[in-house]
Amino acid sequence: MAIYSKEKLMLNTITSITIGIRYARSFRILDVSGEIVDDILYSSDSPFGVKFFPKITEDINRERILYNPETKNILRINTDDLILRIKIQDFERDFKKIIDDFIPYFKDEIFQTYKIHNVRRFGVIYSHSLPITKDLNSIISEFSKQNVKEPNNTRLYFSQKSSVPEAQFRKGLNDYFNTIYTFTQIEDELLADLDFQRYFEPNVEDIRDSEPEQFLEDSKKFLTEKFHSWLKNYGEKTNKTN
Amino acid sequence: MEKKQTRPTKYDHAGKSNREKEAYSRFLGRSDKFDFDKTLKDESDIVDTDTSKVDIDEEEEVGKENLRPKSLKYKTSDFFKNNLAMSILSGVILLLFGLWVSSNRELGEIQSDLKFLSRDIQNIQTKYDNNANVGNDLNLFKVEVKKDLESIQDRVKKIEEKL
């Protein structure tokens, strides 16, 4: 029961989830991105709609960006990626919504209707907000041989690749997981991002064959069993300080 | 012409050789700048808005990417989805053909039954005719017996008168 509470406490520190789907670069997407945006905003099949994304903009690279200035929810679509970031209020509820509503909509509607093929990578970022810690500063202090003792702002990131079980034995399949850990200490907050990615080597022609829901379940398992197992030390500090 | 590598499906069961396994392990242990390619770039990473610059490292060869083809399951479902009218028409034709084959078979069975019935009716007719002959013979027998009885009665009467 205590473990469950700690786990829940860590899940409560998650402020947003970002999902990214990278496909083979296609400039055709720039031509149909307007239609895609219309579909997302006005289609009856869309789980989003104009209330979810009341604002739209286009950047200099013709990337279409839908966003909500209040919730900070954002959806970007360009020649390489479709990226969705949503603010988390209740982790379990919002995660379920991603798996049950958002992913099937992208997978079965957007990617099929607008013929977006050749998936190269899935990525999901779990962003946490934790109280400041001196541990990061001590790393900087040690690394700089005590020359920088108390940096004002700190960012540390590192990555690690790991094998996909299937790829260890199946010929011609070289998929792998890549995890990027990012820690940013700014003002009185420690922002901890876990960016869990799966690279498809070779690419997957049809997104439905790549089972994005399973990828998200794998990422959640990694988050709770691997990442939170050591990040909870800082989460516990949250409990004490609050 | 370089052959395009296709992605194995879950139905392919060929295993990696030891050399391939080693290569995969070496790859996982190797450092690569793309390992820091985040799912969503940090806002602070997007500082250079000069699009006239081309990042050579970002260039990629087009059409050379490896690919796993769409699975048969989705190929089939998409085909029927994209060719709805043809699928319905084909379905109707198949249904009609099925009905035609089925009705032909049933007609054959009925014809066969009719043949048997016809044969049975003929047999019954023959038996009936035979029975009719027996009836005639019986009537004749009755008449003869009646005549004999009448003759016997006459004789009995005559004998009684004499007495």
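I'd like to know if the stretch A:111-132 contains one or more residues that are surrounded by fewer than 16 Cβ atoms within 10 Å (Cβ to Cβ), of a type outside the set (Phe, Trp, Tyr) and in a helix (DSSP H, G or I). Yes - at least one qualifying residue is present in the stretch A:111-132. Selection within the stretch A:217-233: residues that are in contact with a helix residue (DSSP H, G or I) (Cβ under 8 Å, 6 or more places away or on another chain) and more than 27 Å from B:SER25 (Cα to Cα). The member of this set that is surrounded by the most Cβ atoms within 10 Å (Cβ to Cβ) is A:LEU231. Going through A:ILE99, A:ILE83 one at a time, which residue ends up being within 30 Å of B:ASN66 (Cα to Cα), part of a strand (DSSP E or B) and touching a residue at least 40 places away in the same chain (Cβ under 8 Å)? When all the criteria are applied, what remains is A:ILE83.
Checking each residue in the stretch A:38-55 for being under 21 Å from the mean Cα position of the chain (by Cα) and not in a loop (DSSP other than H, G, I, E, B) picks out only A:ILE40. Selection of the stretch A:174-206 for residues being more than 10 Å from chain B (Cβ to nearest Cβ) and in contact with a helix residue (DSSP H, G or I) (Cβ under 7 Å, 6 or more places away or on another chain) yields A:PHE183, A:GLN185, A:LEU190, A:ALA192, A:LEU194, A:ARG198. One residue is enough: does the stretch A:139-156 have a residue meeting the conditions in a helix (DSSP H, G or I), among the basic types (Lys, Arg), more than 13 Å from every other protein chain (Cβ to nearest Cβ) and surrounded by fewer than 17 Cβ atoms within 10 Å (Cβ to Cβ)? Checked against the condition, which is being in a helix (DSSP H, G or I), among the basic types (Lys, Arg), more than 13 Å from every other protein chain (Cβ to nearest Cβ) and surrounded by fewer than 17 Cβ atoms within 10 Å (Cβ to Cβ), the stretch A:139-156 yields no hits at all. Would you check if there is a residue in the stretch A:123-135 being more than 18 Å from the chain's Cα centre (by Cα), among the charged types (D, E, K, R) and farther than 30 Å from B:PHE79 by Cα? Yes: one or more hits. The single condition among (1) modelled with pLDDT of 90 or more; (2) within 26 Å of A:ARG121 (Cβ to Cβ); (3) outside any strand (DSSP E or B); (4) not β-branched (Val, Ile, Thr) that A:LEU66 does not satisfy is (3). Within the option set A:ILE83, A:ILE98, being modelled with pLDDT of 95 or more, among the hydrophobic types (A, V, I, L, M, F, W, C), closer than 23 Å to A:ILE56 by Cβ and touching a Ser or Thr at 6+ places or on another chain (Cβ under 9 Å) holds for one residue only, A:ILE83. Only one of the numbered conditions (1) more than 25 Å from A:LYS87 (Cβ to Cβ); (2) outside any helix (DSSP H, G or I); (3) more than 11 Å from chain B (Cβ to nearest Cβ); (4) free of Cβ contacts under 8 Å to residues at least 60 places away in the same chain is not met by A:SER159, and that is (3).
When A:ASP209 is tested against (1) more than 23 Å from B:PHE36 (Cα to Cα); (2) surrounded by 19 or more Cβ atoms within 10 Å (Cβ to Cβ), exactly one condition is not met: (2). Of everything in the stretch B:38-51 that is facing chain A (nearest Cβ under 8 Å) and surrounded by 10 or more Cβ atoms within 10 Å (Cβ to Cβ), the residue that is modelled with the lowest pLDDT is B:ASP42.
So is A:PHE196 under 30 Å from B:LYS21 (Cα atoms), assigned to a helix (DSSP H, G or I) and not hydroxyl-bearing (Ser, Thr, Tyr) or not?
Working: under 30 Å from B:LYS21 (Cα atoms): yes; assigned to a helix (DSSP H, G or I): no; not hydroxyl-bearing (Ser, Thr, Tyr): yes.
When the stated conditions are applied, A:PHE196 does not pass them.
Using the structure shown, decide if A:GLN214 is surrounded by 21 or more Cβ atoms within 10 Å (Cβ to Cβ) and of a type outside the set (A, V, I, L, M). Lay out the reasoning, then the answer.
Numbers: surrounded by 21 or more Cβ atoms within 10 Å (Cβ to Cβ): no; of a type outside the set (A, V, I, L, M): yes.
Against the criterion (surrounded by 21 or more Cβ atoms within 10 Å (Cβ to Cβ) and of a type outside the set (A, V, I, L, M)), A:GLN214 does not qualify.
The values are calculated or read from the model by the stated rules, or taken from the named source; none is laboratory data. Only a predicted model underlies this, so the values are computations on that prediction, with no experimental measurement involved. Don't worry about glycine lacking a Cβ; one is built from the backbone with ideal geometry, like all the others, and counts go over all protein chains shown.
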